[in-house]
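The values are calculated or read from the model by the stated rules, or taken from the named source; none is laboratory data. For clarity, every value in this text was computed on a predicted model and none was experimentally measured. Heads up, the Cβs are rebuilt from the backbone with ideal geometry, glycines too, and the neighbour counts pull from every protein chain shown. Each accessible area value is taken on the protein alone, full model and side chains, heavy atoms only, with ligands, DNA and RNA left out. Shrake-Rupley method; radii C 1.70, N 1.55, O 1.52, S 1.80 Å.
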Amino acid sequence: MQTTYTSLYILMNLLKKHSLPVPELGLGFIPYSYQKIVILYSEVVTYIKKMFKSGDYKFISNHEYIIRTLDEGSICFSMLSRKLFVRRYVQIKTDAIEYLLDVQKNSETPIFIFPQVVFWNRNPEKSGSILNSEAVGDRGLFSGMITMWKSATPAFVRIGKPVNLKEELEAQGGGDVKHLARQIRNSLMEIYNYEKRSILGPQIKTQAEMMEKVLYHKNVLDVIQQEMSEKGAQEKKLRRKAYGYLKEIAADFSIVYIRFFKATNDYLFRKIFDGIHFDIEDFKKLREASSQGPIILVPSHKSHMDYIIISSMFYHNKLIPPHILSGSNLTFFPMGKIFRRSGAFFMRRTFKGLNLYASVFKQYVKTLINEGYTIEFFIEGTRSRTGKVVQPKMGMLKYLIEAIDEGYNKDLVFAPLTVNYDRILEENSYLKELKGKEKTTESTSGFIKSRKLIQRKYGSVYMGFNEPFTLSEVREKFLKEKNISDIDLLTEELGYYIVKKINEAVIVTPFAITTAALLNTTARGFTRESIKKRIEILLSYLWKTEYKLTEGLRDISNIDSIMDLVFDSYSRDGIISRVDASGEVKNDAAAQSEELYIIDHDQRGRVNFYKNSITHMTLPVNMISLAVLITSTDKKTTKSRISAEFERVRDALSKEFVYPDLLNDTDTVIENTLSHFVSEGIIKIEGKDVLFDEAGDEVLKFFAGMIQDYIESYLIVLNTIADYRVKEVSRKDFTIAVRKHGTRMYHLSEIQCSESLSMINYNNAIDKFIDAGILKQYGDSKKLQLTILESGRARLKTLFNKEGGRRPGDLKSLKHLNFYSKHPVLHTGNPPFRFAQHPPLLKGVSKLTVYSLSCRQ
C-alpha cells in the first residue's frame, strides 16, 4: 500500500526470508534521492545510445512489458501515492490495475492482487497527539528506523485477503475496465482500512474528549436535573460527583502498557503453563467479523487468568486488545493502575440508590460502542467456583442492546469463547468458599501473598471459540421463532443463547475427563484399570457429539499417557496416592507400577471443578441413565416411563445448568441417547421394553453417578427444611444451617460425596424450592428473609417420618427418594413401600428424584 522504497525493501526481504518469489517490477514507488540520480544518469546514457544506434533498440509498450514480467514472475505497485493519484486523475494516465485487467482478459491463468501494509508500530491513533508516531504512514529509510526505534511495539507486515481479477472480470461480465479498476481500487482500500482498524482499533480519545462525550450527554445531564429536583442537591456538587464517577469507571488505554505487560505475561505463562493452545482460524474469523460492528467478547469466567490470557492472545495475533469490564474490587494498588492502562473499566457490584452513577456508567458504555471499541465482559458476573458456566447476568447485555437501539452504532458482533485449564490457580480458595468461607477481598497484601501460586506448573490452557454472530441476526431469529421484540425479553433470551454458545465452545481436557472418571466412585480405593475403562466409556459418547476435545483425546491409544499426566499431577498434591498390596501409602517413583490407588475424600471438592466443566456435555446420558435405573424392575423398564422420569429429573436440576436446546427436546434426546446405549451394548430394546444386564447396569450407574453430588446437595436442603424448627429466618442464617446439616449427614454417611457440601449447590436448591412453593423469599438483596411454608413442611414430614420411627435425615439405607405429585414412593430396599396420597409437593416439579446410593460402584 505504501509508496516508499523502504516499504518495498521490507516486503522483498520478507519474501526472500520465507523463500517466496520476489517481484520483478515495482510501480508507483518513490525512490531515494541517490536512486533518482542513478535513474537520471541511466536515462541520459540510454537516450544518447539511441541517437547513434537507433536500430539496436525496440520500443516496448507498458502493456507489453507488464505482460512479459507477469509471465516470468510477479510485480508490485503502490496504492497510496499522491503523485500517482494526480497522474491518474489530472493527467488521465492509465492505472496499474487497468494494465492488470487488460492482461487478465487475455489470460486463463488468474491474477491475484495481495494487499500488504507495513505497520511501523501498533500505536492506536490518538486525537490531539503530536508525539504519536503514525503506524501505517509513509516512512523513508531514516524516519522508518527512528519510528521503529522509539516505538514500544515492533514493526510487522500484514498481508490482506487477495483479490482474484479473473473472478472480478467474470462477475462484471467484461464491462468497462476503467470502472472495474476503480471498484477494485475501492475494495483494496476497504481491505486496507479493515486491516488498520482490526489491528490498531478505533482512534483513542483523550480523557478530556471522553469526559465531554459522557458528562455533557443529555442522559447524564437529565439525571443531574432529576437529582436536583428530587433531593435538592446542588448542581455543582452533583457534577463533581459525576466527574468522580467517570474517573472511577473509565479505562485509560495505553499500548505501551500492553506491550510491557505482555513481556511480563509471557514470562508468567512460561513459568506456570505448559502451553496456551488456540486455533488461528478463530482469530481470523474475529478479524473478518469486525467489519460488521464492534466486537463483544463474551467468555466464560473460571479464573483471574482469563482476561490476562485473552488480551495477550489478541495482542499476539495482531488484534487490538479489548476494553474489559471488571469489578471495582480489582482497583487495588498496583494492579488497578495496570489493569486500567491495559483497557479495563470498572463497575460497582450494585447500582442501588446510585442513579447518577448508573447513568454515567451506561453512557460510558454507549460511548465505547459509538467509538467502535472491542469490549469484553463476563456474562456470569463473577468467576465460576464450580467449573460450570453459571446463569447469565443481564445488566451489561441490556446496556449494549440499548446502545444499538439508540443509534450509537449499526450493529454488534458477539463472540462467545472459553478459556479451559488443565488446572487453575484458585483451586484451594474455591474449595474454601464452597464450604462456606467468605470470599477474600482482593488487596495489595493478597497480591503479594499470591506469589507462591506461581512457583509451580498448572498444565496447559486451551482457548475455544464459537462462531461470531451479530445482534441483528439473533434479533431476527428470536422475532421469527419466538416473536420476541421487547428489549427485556430479548435481553434474557440473548443472555441464555450466549451461555449455550459458550458451553458449546468448552474443550474437553485430559484433566476434565480423567477427573470425571475418578470422582465417580465413593469408595476410598480404585484401580487404574477401572478409571481407564470409565474414560473409554466417556470418550465413546463424546466422540459422537459435536463438542471439542484436545488433540490427545481424539486417539484411544493416548489414554495411558493422559492418565499418567493427571495421576502424577494429583499425586504431587496429595489428592490421590498409590498403595502397595499391604496397604502402605506410596507417593514416590518406586510405586509407579502399582495398580491400586486411594483418593483423599477431603480433596474431592478441590478437583470437582474439572468434572463440572464438562458435565453439561454428558447430561443426556447422566439423566437418562438415572431415569432407566429408577424406573426399572428386574432390569426392565419402558420408554414411556424413562421419558416421564427424565423430564422430572431435568426439571429438578434446572437451576444448576443452562440446558442445550437438544436436552429440552424430550423425544429426540431420548431416542438419540437410547440409540447410543444400544450401539454400545449397554441396553437392549424389545418393542416398548428397555432391558439391560449386569454389565449394562454398571455403565448406567457410572453415568448416573456423575450428577449424584447435585442430588445429594438438594437432599441436604430438603432434610434441613423438614427438620428446621423456625418458620422465618434470614437466608444467610438458613444457608448456614444447611451447611451444618450437610456436614452432619456426610459424617454419618447419610450422603456419600464430600463435593455435595457446596454452598453454591445449596443456594441453587433453595432457589428451586422457592419456585416450587416450599419456601418463600422476601426482603431486599442485603436482608433476604425466608419463610418455610407450613404446607411444604407438612408434606416433607409425611415423607421423612416413615415406619420404624426413623428421624428426618436418617437416610442411610435409601436407594432412591422420589417425590411424586400423587403417589410418592420411598424405596428403602426390597420390597419398596408407599405413603398415602397427598397434594402436589413441588409446583412445577412433578417429581424430585434423589438417587443417592445405588448409582455408585
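Say we look at the stretch 348-373 and pick out the residues that are modelled with pLDDT of 95 or more, under 15 Å from Ser326 (Cβ atoms) and not aliphatic (A, V, I, L, M); which of these is surrounded by the most Cβ atoms within 10 Å (Cβ to Cβ)?
If we take residues in the stretch 348-373 being modelled with pLDDT of 95 or more, under 15 Å from Ser326 (Cβ atoms) and not aliphatic (A, V, I, L, M), then Phe361 is surrounded by the most Cβ atoms within 10 Å (Cβ to Cβ).
Do we find a residue being in contact with a His (Cβ under 8 Å, 6 or more places away or on another chain) and either β-branched (Val, Ile, Thr) or in contact (Cβ under 8 Å) with a residue 60 or more places away in the chain (or both) anywhere in the stretch 523-533? Don't jump to the end; show me each part of the working.
We begin by selecting, within the stretch 523-533, every residue in contact with a His (Cβ under 8 Å, 6 or more places away or on another chain); these are 524.
Filter once more, so that each one left must be either β-branched (Val, Ile, Thr) or in contact (Cβ under 8 Å) with a residue 60 or more places away in the chain (or both): 524.
Checked against the condition, which is being in contact with a His (Cβ under 8 Å, 6 or more places away or on another chain) and either β-branched (Val, Ile, Thr) or in contact (Cβ under 8 Å) with a residue 60 or more places away in the chain (or both), the stretch 523-533 yields at least one hit.
Quick one: how many residues across the stretch 654-668 are more than 20 Å from Tyr541 (Cα to Cα) and either in contact with a Pro (Cβ under 8 Å, 6 or more places away or on another chain) or buried (at least 23 other Cβ atoms within 10 Å of the Cβ) (or both)?
Looking only at that region, the number is 2.
Name every residue in the stretch 522-535 that is closer than 13 Å to Phe703 by Cα, open to solvent by 10 Å² or more (accessible area, probe 1.4 Å) and touching a helix residue (DSSP H, G or I) at 6+ places or on another chain (Cβ under 7 Å), in order of residue number.
Arg534
Being modelled with pLDDT of 90 or more, in a loop (DSSP other than H, G, I, E, B) and open to solvent by less than 70 Å² (accessible area, probe 1.4 Å), is that true of even one residue in the stretch 784-802?
At the first step, the residues of the stretch 784-802 found to be modelled with pLDDT of 90 or more are none.
So far as the stretch 784-802 goes, no, none of its residues is modelled with pLDDT of 90 or more, in a loop (DSSP other than H, G, I, E, B) and open to solvent by less than 70 Å² (accessible area, probe 1.4 Å).
Report, ordered by the first and then the second residue, all pairs with beta carbons closer than 8 Å, sequence separation of six or more or different chains, a first member in the stretch 281-294 that is farther than 16 Å from Met313 by Cβ and in contact (Cβ under 8 Å) with a residue 60 or more places away in the chain, and a second member that is of a type in the set (S, T, N, Q) and open to solvent by 30 Å² or more (accessible area, probe 1.4 Å).
Close Cβ pairs (under 8 Å, with a partner that is of a type in the set (S, T, N, Q) and open to solvent by 30 Å² or more (accessible area, probe 1.4 Å)) amount to Gly293/Asn409; Pro294/Asn409.
What about Leu20, is it loosely packed, with under 13 Cβ neighbours inside 10 Å, at pLDDT 70 or above and within 24 Å of Glu195 (Cα to Cα)?
Numbers: loosely packed, with under 13 Cβ neighbours inside 10 Å: yes; at pLDDT 70 or above: yes; within 24 Å of Glu195 (Cα to Cα): yes.
Considered against the rule, which asks whether it is loosely packed, with under 13 Cβ neighbours inside 10 Å, at pLDDT 70 or above and within 24 Å of Glu195 (Cα to Cα), Leu20 comes out as yes.
With at pLDDT below 95, within 22 Å of Lys388 (Cβ to Cβ) and crowded, with 20+ Cβ neighbours inside 10 Å as the only criterion, which of Leu538, Leu519 stands out? Please lay out each step first, then the result.
On the way: Leu538 fails: at pLDDT below 95.
Going through Leu538, Leu519 in turn, just one is at pLDDT below 95, within 22 Å of Lys388 (Cβ to Cβ) and crowded, with 20+ Cβ neighbours inside 10 Å: Leu519.
Quick check on Lys237: is it out of contact with any Asp or Glu (no Cβ under 6 Å at 6 or more places or on another chain), part of a loop (DSSP other than H, G, I, E, B) and open to solvent by 50 Å² or more (accessible area, probe 1.4 Å)? Full working, then the answer.
Numbers: out of contact with any Asp or Glu (no Cβ under 6 Å at 6 or more places or on another chain): yes; part of a loop (DSSP other than H, G, I, E, B): no; open to solvent by 50 Å² or more (accessible area, probe 1.4 Å): yes.
So Lys237 does not fit the description; no.
Can you go through Ser643, Ser654 and tell me which one is under 26 Å from Asp771 (Cα atoms), outside any loop (DSSP other than H, G, I, E, B) and among the hydroxyl-bearing types (Ser, Thr, Tyr)?
Step by step, each of Ser643, Ser654 is checked, and only Ser643 is under 26 Å from Asp771 (Cα atoms), outside any loop (DSSP other than H, G, I, E, B) and among the hydroxyl-bearing types (Ser, Thr, Tyr).
Yes or no, residue by residue, for (1) small (Gly, Ala, Ser); (2) more than 21 Å from Pro321 (Cα to Cα); (3) touching a Ser or Thr at 6+ places or on another chain (Cβ under 7 Å):
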position: His217; (1), (2), (3): no, yes, no
position: Val223; (1), (2), (3): no, yes, yes
position: Lys236; (1), (2), (3): no, yes, no
position: Tyr243; (1), (2), (3): no, yes, no
position: Ala250; (1), (2), (3): yes, no, no
position: Ser254; (1), (2), (3): yes, no, no
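Quick check on the stretch 762-783: of everything there that is assigned to a loop (DSSP other than H, G, I, E, B) and farther than 21 Å from His741 by Cα, which residue is least open to solvent (accessible area, probe 1.4 Å)? Write out each step before concluding.
We begin by selecting, within the stretch 762-783, every residue assigned to a loop (DSSP other than H, G, I, E, B); these are 773-774, 779-783.
Restricting the remaining residues to those that are farther than 21 Å from His741 by Cα gives 773, 779-783.
Working: Gly773: 16, Gly779: 56, Asp780: 69, Ser781: 94, Lys782: 180, Lys783: 143 Å².
Among those residues, the one meeting the criterion is Gly773.
With the condition kept exactly as written, say whether any residue in the stretch 201-224 is over 22 Å from Met347 (Cα atoms) and either assigned to a helix (DSSP H, G or I) or more than 30 Å from the chain's Cα centre (by Cα) (or both).
Taking the stretch 201-224 as the starting set, the residues that turn out to be over 22 Å from Met347 (Cα atoms) are 201-203.
Now restrict to residues that are either assigned to a helix (DSSP H, G or I) or more than 30 Å from the chain's Cα centre (by Cα) (or both): none.
Taking every residue of the stretch 201-224 in turn, none turns out to be over 22 Å from Met347 (Cα atoms) and either assigned to a helix (DSSP H, G or I) or more than 30 Å from the chain's Cα centre (by Cα) (or both).
Scan the stretch 543-550 and give yes if some residue there is assigned to a helix (DSSP H, G or I) and modelled with pLDDT of 95 or more, otherwise no. Reasoning before the result, please.
Here is the first cut: in the stretch 543-550, the ones assigned to a helix (DSSP H, G or I) are none.
No: the stretch 543-550 contains no residue that is assigned to a helix (DSSP H, G or I) and modelled with pLDDT of 95 or more.
Return only the number of the condition from (1) surrounded by fewer than 23 Cβ atoms within 10 Å (Cβ to Cβ); (2) closer than 14 Å to Val621 by Cβ that Ala695 does not satisfy.
Tallying (1) surrounded by fewer than 23 Cβ atoms within 10 Å (Cβ to Cβ); (2) closer than 14 Å to Val621 by Cβ, Ala695 fails exactly one: (2).
Whether any residue in the stretch 315-326 is farther than 23 Å from Phe269 by Cα and surrounded by 16 or more Cβ atoms within 10 Å (Cβ to Cβ) is what I want to check. Reasoning before the result, please.
Keep residues of the stretch 315-326 that are farther than 23 Å from Phe269 by Cα, which gives none.
Checked the stretch 315-326: no residue is farther than 23 Å from Phe269 by Cα and surrounded by 16 or more Cβ atoms within 10 Å (Cβ to Cβ).
With the requirement that a residue be in a loop (DSSP other than H, G, I, E, B), at pLDDT below 85 and either in contact with a Gly (Cβ under 8 Å, 6 or more places away or on another chain) or within 23 Å of Thr4 (Cα to Cα) (or both), what does the stretch 162-190 give you?
First, pick out the residues of the stretch 162-190 that are in a loop (DSSP other than H, G, I, E, B): 162, 173-176.
When the remaining residues are screened for being at pLDDT below 85, the result is 173-176.
Correct list: empty.
Can you tell me which of Ser7, Ser78 is under 50 Å from the mean Cα position of the chain (by Cα), modelled with pLDDT of 75 or more, closer than 19 Å to Val103 by Cα and not hydrophobic (A, V, I, L, M, F, W, C)?
Details: Ser7 fails: closer than 19 Å to Val103 by Cα.
Answer to the selection: Ser78.
When Asp634 is evaluated against the numbered criteria (1) assigned to a helix (DSSP H, G or I); (2) open to solvent by 30 Å² or more (accessible area, probe 1.4 Å), which criterion, by number, is the only one it fails?
(1)
Just to confirm my filter: which helices (runs of 4 or more DSSP H) fall fully inside the stretch 406-492 and include at least 3 residues that are farther than 15 Å from His304 by Cα and open to solvent by less than 60 Å² (accessible area, probe 1.4 Å)? Give the steps one after another, and end with the answer.
Numbers: elements: 427-434, 444-449, 471-482.
Output list reads 427-434, 471-482.
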